[in-house]
Amino acid sequence: MSGLQSRWRSINLVQQGASLCATVILKHQEEFLDSPSPFKFAIFINSWLPFSWTPELGQDVTNVLLSDNPLDTSVEAWQNTSLSCELKLEPLRQVAKHALFDINPEVELKWRATIDTVVGKDNDYLRPRCFHPELYDDRLELATAHLWGERDIFDPHSRKFFQLCDSDLARSHQHDGGHDFPQSWDDNERFSEIIQKTVLKSQFAM
């Protein structure tokens, strides 16, 4: 993280990029308690919950990813510790369809190989872990703007991601579309206003 000591002004990320950025910020907060965030403000679009970098933090989501609803964000699902080892392809295919991602035979083989690895009793440290706002106390300590569609298949993740941010510094807008950018002038104008307010909330204005 030493390369982040010279702070970037801002960052604008979509989907997995937003998730990765949130992980970087949370890691920085954990390891450098007295150091300011590496970014002054962030814009997150169609986000999903960030993964952990260590088995010591976050919830094991292996079972969630292998369930009938791999995008489930309920606390009950995230606290299920009875490890499954069955790959259910159809729910994943539905997610991939909405995310415009093709599940071909090669991808399926890679997934199966990954599952065979993480379900081993000695491989707990390899299992994917994520941060859930109802199961993790820390929050992203910077001004943030959030945008997602109410018909986006990742809507539950975007909502929880928003809750993972400082409530005094976070603003959001939900447009009526799906897993894409808003098409209407009103939506774009509204989000533009939110971005401007986010900049003013950030340390640019301090």
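The values are calculated or read from the model by the stated rules, or taken from the named source; none is laboratory data. If you're wondering where the values come from, they're calculated on a predicted model, not measured in any experiment. Positions of Cβ are generated from backbone atoms using ideal geometry, with glycine treated the same way; all protein chains shown enter the neighbour counts.
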When you check residue 162 against the structure, is it within 16 Å of residue 46 (Cβ to Cβ), part of a helix (DSSP H, G or I) and out of contact with any helix residue (DSSP H, G or I) (no Cβ under 7 Å at 6 or more places or on another chain), yes or no? yes
Please determine, by comparing only the residues of segment 109-141 that are closer than 20 Å to residue 58 by Cβ and of a type in the set (A, V, I, L, M), which one is surrounded by the most Cβ atoms within 10 Å (Cβ to Cβ). 140
Looking only at segment 182-206, filter to residues that are loosely packed, with under 15 Cβ neighbours inside 10 Å and assigned to a loop (DSSP other than H, G, I, E, B); which one of those is modelled with the lowest pLDDT? 206
Hits in segment 38-70 (condition: assigned to a loop (DSSP other than H, G, I, E, B) and touching a helix residue (DSSP H, G or I) at 6+ places or on another chain (Cβ under 6 Å)): 38, 47, 48, 49, 50, 53, 55, 68, 70
